[in-house]
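Presented below is the structure to which this report refers.
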Amino acid sequence: MAYGAEATEQNTPWEVDMGWAVARDKGDFRGKQAVFELEGREKVKFFGIVAEHNDVVEHGAELFIDGELVGHVTTPAHSRRLGKSLALVHLVPSAAVEGTALELKGPTIQCRATATSIPFVDPQRKRLHAI
């Protein structure tokens, strides 16, 4: 996760899976009440996608469900080990569900994608020593 891409000043700790970093049992600190009032009110969720494309998708590419904008790509990459085009994304919470079908539209790449939890893994470890 990179500050400025996945996490910005507009994100709450819970939107970028960093809620663990906010001390609940620490004494009073500046902004404590305000930050905890935002918990459970996430506008986006930090998630992943697997794109049905052979190339790296574009940073900023938009993600849609039935024509409705539901997110965007924050950090794209291609995994040689998994043989897939992957990306870290921000999705609206209702779309941040494993297996959600998405349509990706970037300046030069348009393809289908599937929402997936992160980290990206090979659960059966079939490709562990493939390279």
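The values are calculated or read from the model by the stated rules, or taken from the named source; none is laboratory data. If you're wondering where the values come from, they're calculated on a predicted model, not measured in any experiment. Don't worry about glycine lacking a Cβ; one is built from the backbone with ideal geometry, like all the others, and counts go over all protein chains shown.
Looking at segment 122-131, is at least one residue over 11 Å from the mean Cα position of the chain (by Cα), small (G, A, S), part of a loop (DSSP other than H, G, I, E, B) and modelled with pLDDT under 95?
Yes, segment 122-131 contains at least one residue that is over 11 Å from the mean Cα position of the chain (by Cα), small (G, A, S), part of a loop (DSSP other than H, G, I, E, B) and modelled with pLDDT under 95.
Suppose we filter L63, L86, L102, L69 for residues that are part of a strand (DSSP E or B), exposed (fewer than 15 other Cβ atoms within 10 Å of the Cβ) and not acidic (D, E); which single one remains? Of L63, L86, L102, L69, the one residue that is part of a strand (DSSP E or B), exposed (fewer than 15 other Cβ atoms within 10 Å of the Cβ) and not acidic (D, E) is L69. Restricting attention to segment 66-88, which residues are of a type outside the set (A, V, I, L, M, F, W, C), touching a residue at least 12 places away in the same chain (Cβ under 8 Å) and closer than 17 Å to K45 by Cβ? Once the filter is applied, which keeps residues that are of a type outside the set (A, V, I, L, M, F, W, C), touching a residue at least 12 places away in the same chain (Cβ under 8 Å) and closer than 17 Å to K45 by Cβ, segment 66-88 yields G71, H72, T74, T75. Can you spot a residue in segment 10-21 that is more than 21 Å from P119 (Cα to Cα), more than 12 Å from the chain's Cα centre (by Cα) and assigned to a loop (DSSP other than H, G, I, E, B)? Yes, that holds for at least one residue.
Taking every residue in segment 51-65 that is at negative phi and pairing it with any residue that is part of a loop (DSSP other than H, G, I, E, B) and not aliphatic (A, V, I, L, M), at least 6 positions away or on another chain, the pairs with Cβ-Cβ distances below 7 Å are V57/G106; E58/G106; E58/P107; E58/T108; A61/G106. For segment 31-45, indicate whether the set of residues that are among the aliphatic types (A, V, I, L, M) and in contact with a strand residue (DSSP E or B) (Cβ under 8 Å, 6 or more places away or on another chain) is non-empty. Within segment 31-45 (the criterion being among the aliphatic types (A, V, I, L, M) and in contact with a strand residue (DSSP E or B) (Cβ under 8 Å, 6 or more places away or on another chain)), the answer is yes, since at least one residue qualifies. Which numbered condition in (1) over 10 Å from the mean Cα position of the chain (by Cα); (2) of a type outside the set (D, E, K, R); (3) in a strand (DSSP E or B) is the only one that N54 fails? Going through the list (1) over 10 Å from the mean Cα position of the chain (by Cα); (2) of a type outside the set (D, E, K, R); (3) in a strand (DSSP E or B), N54 breaks only (3).
Which is in contact (Cβ under 8 Å) with a residue 24 or more places away in the chain, within 15 Å of F46 (Cβ to Cβ) and not hydroxyl-bearing (S, T, Y), of L91, L104?
Numbers: L104 fails: within 15 Å of F46 (Cβ to Cβ).
The match here is L91.
Only residues that are modelled with pLDDT of 90 or more, touching a Lys or Arg at 6+ places or on another chain (Cβ under 8 Å) and farther than 15 Å from A95 by Cα were counted in segment 52-83, giving 3. Taking the numbered list (1) touching a Phe, Trp or Tyr at 6+ places or on another chain (Cβ under 8 Å); (2) surrounded by fewer than 20 Cβ atoms within 10 Å (Cβ to Cβ) in turn, T75 passes all entries but (1).
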